[in-house]
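The values are calculated or read from the model by the stated rules, or taken from the named source; none is laboratory data. These figures come from a predicted structure and were not determined experimentally. When we count neighbours, we look across all protein chains shown, and the Cβ atoms used for this are built from the backbone with ideal geometry, even at glycine. Ligands, DNA and RNA are stripped out before the accessible areas are found, and what is left, the full protein with its side chains, is counted by its heavy atoms. Shrake-Rupley method; radii C 1.70, N 1.55, O 1.52, S 1.80 Å.
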Amino acid sequence: MRPPSLVWLLSLYGFCSTFSIGAFPALIPEIGTAVALADWQIGLVAGLVGFARMVADVPVGLVITRHLRRTLIVAPFVLAIGTICLAGGGSFAVLAIGRGLMGVGHALTVVSGLTALLRFAPARAMGSALTAFEMSAMIGVLGGTVFLRLLPTWLPWNVALLIGCSPQLLTFAVLPPLLTAIPRDPDTVAGPIVPRAEERRSNSSPMTAGVLLAFAAGVISAVAYSTLEQFVIPFRGEREFALDRQGIAGLLMIVQGVDVVCLLPFGRLVDRFGVGHVLGPTLVVFGVGTVLTALGSFAFVIAGCLLFGVGLAGWPLPLGLLRRETPPDQIGWRTAIYRVGVDGGIFLGPLLSGFLAGHAAGLLPITCAAALLAVGCLIAVRR
């Protein structure tokens, strides 16, 4: 029987590991100035977490099929090393290496945490469990942003980053009880590190319309999220509205605060009415918020951040579609493939924004908004 503390331990594990995600965006303009980076280099550094996660997701998905506990143990070490490299970076190459290591650490954390949740949490409360895991991670993101908001602006950016990321160390204290709470499933104890190709093929399941819509919702949401949080909001805040580190952090706190408030109610709505009735309208709201945040005046940007936060509350919901149409023994593998698409979107958002900044800055947000509206409507009307 699943220990009752498992969901909460996984949520605490995710909470501790996400402070760096919240601490980094408010520092992007300062990092670009301090290291003399061009817009495309800033976009690349910001997006490298997504790229590294995208590359690591499939290997991680294969490994955790049999070695879930080992993956949970390794993740915080990789994340800590990446944070130290980023904070000590005095050049574009060192910053890129640090962000890449942080991406691998987050891939290990997210895929292993979601796999444990999807395999061992009760199906009747899966919506609440997924949103609890996502809410804890977003509270960690909000915590990192709050640190940057409260720290004095005269602190060097790398010192502020280390302070903002310091709660990651609590992950090491969470590990022992978490490993005890995970049931000892035979598939995670013995056997080769990577399952045989014949085994994966024999257990594969077909791609249904629900699975395709889940992938589309996740990827498009990821592109829109990373575009707004890691490029549009920091640079519009600095260049158009003359905001400093604390002002940019304030806008990000609006997004993250609304997200945190909406997550658990959304999970309960999913458990009661079904994922489609919640995810579809949420994506539509996300699309409207994307347009307002990227193109509106300052008052509309604030309104857009509010709607952006509501849209982010739907971030874990595509996994509900994915789980419903995936056999239990394929959850780890399919979750990893889903994360490849999502993390690829997180990489492409700031990267493309950096290249388009001087030519067609609004093109990517408008495209994301149109796609969110289309996919949201398809999910809402699908029975």
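A convex hull fitted around the alpha carbon atoms of region 15-84 yields 90 Å³ per residue.
Here the ratio of the Cα radius of gyration of region 1-158 to 2.2 N^0.38 Å is 1.11. Which parts of region 260-295 would a label at GLU240 reach, counting a residue when its backbone N lies under 15 Å from a point 7 Å out along Cα-to-Cβ? In region 260-295, the label zone of GLU240 (backbone N under 15 Å from the point 7 Å along Cα→Cβ) covers 289-295. Under 10 Å, Cα contacts only: if you run a Gaussian network model on the chain, which one of PHE147, PHE241, PHE120 comes out with the highest mean-square fluctuation? Comparing PHE147, PHE241, PHE120 in the GNM, the peak value goes to PHE241.
Computed on protein heavy atoms with a 1.4 Å probe, the accessible areas place VAL174, VAL284 in the order VAL284, VAL174, largest first. Rounded to the nearest 20 debye, the dipole magnitude of the chain is 900 debye, with +1 charges on Lys and Arg beta carbons, -1 on Asp and Glu beta carbons, and the Cα centre as origin.
Pairs of Cα atoms in the chain fall into 20 Å distance bins, from 0 up to the last occupied one, in shares of 31, 60, 9 percent.
Rolling a 1.4 Å probe over the heavy atoms of the protein chains gives the chain an accessible area of 39 Å² per residue. Rounded to the nearest percent, how much of the accessible area of the chain (1.4 Å probe, protein heavy atoms only) is carbon and sulfur? Answer for the chain is 71 percent, counting heavy atoms of protein chains only.
Multiplying the residue separation of LEU264 and VAL159 by 0.36 nm and removing their Cα-Cα distance gives an extension gain of 34.4 nm. The mean sequence separation of alpha-carbon pairs under 8 Å and at least six residues apart, normalised by the residue count of the chain, gives a relative contact order of 29 percent.
Cα convex hull of region 265-319: mean projected area in nm², to one decimal? Mean projected area of the Cα convex hull: 3.5 nm².
Computed from Cα atoms, the angle from the helix 6-17 axis to the main principal axis of the chain rounds to 30 degrees. A Gaussian network model of the chain, with springs between Cα atoms under 10 Å, assigns the largest mean-square fluctuation among GLY289, GLY32, GLY358 to GLY358.
In region 261-383, taking the dipole from charged Cβ atoms about the Cα centre, the farthest positive-side position among GLY345, PHE355, VAL275 is held by VAL275.
With the simple model of a label 7 Å out from the Cα in the direction of the Cβ, ALA36 to VAL58 spans 4.0 nm. The long axis of helix 126-150 is offset from the longest Cα principal axis of the chain by roughly 30 degrees. Length gained on full extension, GLN330 to PHE300: 6.5 nm, using 0.36 nm per residue less the C-alpha separation. In the elastic network of the chain, a GNM with C-alpha springs shorter than 10 Å, the most mobile of HIS106, HIS67, HIS359 is HIS359. For region 44-127, the Cβ-based charge dipole about the Cα centre amounts to some 300 debye (Lys, Arg positive; Asp, Glu negative; other atoms uncharged). Between 0 and 90 degrees, the angle of helix 209-227 with respect to the longest Cα principal axis of the chain falls at about 30 degrees. Computed with every protein chain present, the accessible area of PHE51 is close to 80 Å² [probe 1.4 Å].
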